[in-house]
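For reference, the structure is listed below as structure tokens.
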Amino acid sequence: MNYLIYIGFVFTAGMLIPIQTAMNVQMTKITGNALVTAQIVFMIAATIGMLLLICIQRPSLSLDNFRSAPITAWGGGFIAVFYISTLAFTTPKLGLGQSTALVLTGQIISAALLDHFGAFSTPPILLNTNRIVGIIFLIAGVFIIKWK
């Protein structure tokens with residue numbers, strides 16, 4: 001049963017990505033700057049995250065936790081700024097459907113490569129014919145979505 005709940009959460013998170021992108025495009029039209037939009041998104045996220053931590057879970061962190069983190073553990077913030085500001089800037093030019101299709105395709109290709117090499121201490125899952133064919137279909141889907 002937990003497995004189905006996890007699937008539901010991940011599916012919902014996936015459905016929210018194009019909605020968030022559309023909202024970020026709206027904010028970029030107001031601010032005139034995709035990087036400003038990214039900062040607004042992060043301020044809201046940090047505020048909500050802190051409130052949830054205070055209300056739901058009281059973490060016990062020490063400075064040693066942060067000192068022992070590998071440099072790669074800090075990269076998520078850089079990627080998030082790039083992701084949010086890039087989509088807020090390019091989606092009005094590409095459209096929500098093609099932008100989302102490109103993001104999804106990029107995610108699958110990256111995930112398949114990271115799986116294959118067991119990057120960031122994840123269990124290795126080797127590329128196989130099925131995965132490669134699936135990636136080819138995703139790439140074809142990006143073109144089909146844009147095809148008029």
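The values are calculated or read from the model by the stated rules, or taken from the named source; none is laboratory data. The model shown is predicted, which means the values in this text are computed figures rather than measured ones. Virtual Cβ from ideal backbone geometry, glycine too; neighbours counted across all protein chains shown. The area values use the complete protein model at the heavy-atom level, side chains included, leaving out ligands, DNA and RNA. Shrake-Rupley method; radii C 1.70, N 1.55, O 1.52, S 1.80 Å.
Brief remarks on what is shown
- Each Lys and Arg adds +1 at its Cβ and each Asp and Glu adds -1 at its Cβ; summed about the Cα centre, the chain shows a dipole of about 340 debye.
- Residue-span extension gain [ASN2 to LEU63] - 0.36 nm each, minus C-alpha spacing: 18.6 nm
- Three-way shape label, segment 85-143, alpha-carbon gyration tensor, a/c 1.5: oblate
- Backbone HN-Hα couplings from phi across segment 50-57 [Karplus 6.51/-1.76/1.60, Hz, Gly and Pro as x]: 5, 4, 5, 4, 5, 7, 9, 9
- Additional length obtainable on full extension of the chain from ILE135 to LEU16, 0.36 nm per residue less Cα span: 40.6 nm
- Remark: segment 1-139 carries 74 Å² of accessible area per residue (probe radius 1.4 Å; ligands, DNA and RNA excluded).
- Cα gyration tensor, segment 41-112 - rounded (a/c under 1.5), prolate or oblate: prolate
- Summarising the overall dimensions of the chain from its C-alpha atoms, the Rg and Dmax are 18.2, 56 angstrom.
- Counting only DSSP H runs of at least 4 residues, each contributing -39500 (n - 2.57), and dividing by the residue count of the chain, the helix-based mean residue ellipticity at 222 nm comes to -27500 deg cm²/dmol.
- Accessible area of ILE7 in the full protein assembly, 1.4 Å probe (Å², nearest 10): 80 Å²
- Dividing the convex hull volume of the alpha-carbon atoms in segment 1-78 by its residue count gives 150 Å³ per residue.
- Placing VAL10, VAL133 in order of accessible area, with the largest value first and a 1.4 Å probe, yields VAL10, VAL133.
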